[in-house]
Each structure stands twice: as structure tokens, then as C-alpha cells.
């Protein structure tokens, strides 16, 4: 499969229905009868998947120190692939330079955390990626994925059964893999107008 840069994604966004856009589904955003993005539909549908060791809620294991990372966008980005939420992307010092260079290889140990904001301004899920050693998950570029939502709004908490923390290898985190495999380096990146031009001194 050809991998896409951010520019390529913009051109082909209509063809990436598996990741972006919205579909009609009752209960979207935790309510009923609203448009629901594929990301939100996945979160809703994942409750039918059996519990496993990768879906037990708890403190963030990877990326817990995200507030010390480099914020690589200059303003919040509307991300259809993350449920149409506003997101900010943080990358640890090890991987920040490579992340900003679309030609660079992402080093092992790189951790990315996307914070997100719901339409009402409340905190949305945290989305985490970590580059692991070769052989960790060869079919997904050796990336680890996680979604943690410690305080979902009442409607979402009801739908999800409370807080969630889904991470590789849980099947509840499979949507992350299915979407990110469409991108160059398995990254979606930040749109050029909102991308940090260089690392802070």
C-alpha cells in the first residue's frame, strides 16, 4: 500500500473513508441520532469486544510525561481521523526533530501524544504512539498505540462503561493500526500551516 504524506492525505481524503469523514449512526458523540465519525463509531463498537489485558483502565503507562514533550503544532488541528476533535501533538525530545522532517526515519523510543478537545471544550481522549524495536509489531511498523480517556462526558461514560485505556495488543485499539497504516511512516503529521517550523532553541 502506498503511504501518504500529509499533503497526499489532503488530496485523497475522500478516499480514506476508513479513517476520516462521518457516517450516520445512532448515539454519535455519546448522544443519539447524530453523525458519528469512524473513530467514535469504533470506540462505541469496541465495547462488544471481549475485555483483555490491554483494555483494563489504569494510569497512562507510555507518554505519561507528555507535558514535557515538544508541541509540534502552533495551533489546535481539527482531526477527522480522531473523531473531528481539536488535537495538539506532543513528541518527546528523542523523536521531535525526525517527526518534523518528513524524510527522516523515526528513531526507536519516539513517543507521540495527541491531546484532544471535545466540541463542548471538555478534554477528549489522549492518543498515544510509541516506536518500538524491530519485531514488536512488524505489520504496523513496530508502533504501539493507545487511547486513554480518564474522564469521558456522562453520555460517553455510559456508552463506554466508564473510563477507557485501550492499548496494543488489544483488539480495541485495532482502529489505530487500520488508520495509521495509510500514512507515510505510519504518521499523519501536522498540516504545514500549523506545523512547528523548527525545534525551540
Query raised in the report: Looking only at the range 94-117, which residues are under 20 Å from residue 194 (Cα atoms), in contact with a helix residue (DSSP H, G or I) (Cβ under 8 Å, 6 or more places away or on another chain) and not in a strand (DSSP E or B)?
Result: 102, 104
**Report entry** Tally, over the range 151-201, of residues that are farther than 24 Å from residue 75 by Cα, over 14 Å from the mean Cα position of the chain (by Cα) and surrounded by fewer than 17 Cβ atoms within 10 Å (Cβ to Cβ)
**Finding:** 9
Query raised in the report: Does residue 80 satisfy the criteria of being surrounded by 14 or more Cβ atoms within 10 Å (Cβ to Cβ), in contact with a helix residue (DSSP H, G or I) (Cβ under 8 Å, 6 or more places away or on another chain), more than 29 Å from residue 49 (Cα to Cα) and touching a residue at least 60 places away in the same chain (Cβ under 8 Å)?
Result: no
Query raised in the report: Of all residues in the range 46-77, which are touching a helix residue (DSSP H, G or I) at 6+ places or on another chain (Cβ under 6 Å), assigned to a loop (DSSP other than H, G, I, E, B) and at pLDDT below 90?
Result: 49
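So, residue 169, is that one out of contact with any strand residue (DSSP E or B) (no Cβ under 6 Å at 6 or more places or on another chain), under 23 Å from residue 80 (Cβ atoms) and in contact (Cβ under 8 Å) with a residue 60 or more places away in the chain or not?
Numbers: out of contact with any strand residue (DSSP E or B) (no Cβ under 6 Å at 6 or more places or on another chain): yes; under 23 Å from residue 80 (Cβ atoms): no; in contact (Cβ under 8 Å) with a residue 60 or more places away in the chain: yes.
No, not satisfied.
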Requested in this report: Could you list all residues from the range 180-201 that are assigned to a strand (DSSP E or B) and within 10 Å of residue 141 (Cβ to Cβ)?
Outcome: 183
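The values are calculated or read from the model by the stated rules, or taken from the named source; none is laboratory data. On a predicted model such as this, the values are computed, not experimentally measured, just so you know. Ideal geometry is used to build each Cβ from the backbone, glycine not excepted, and the neighbour counts take in all protein chains shown.
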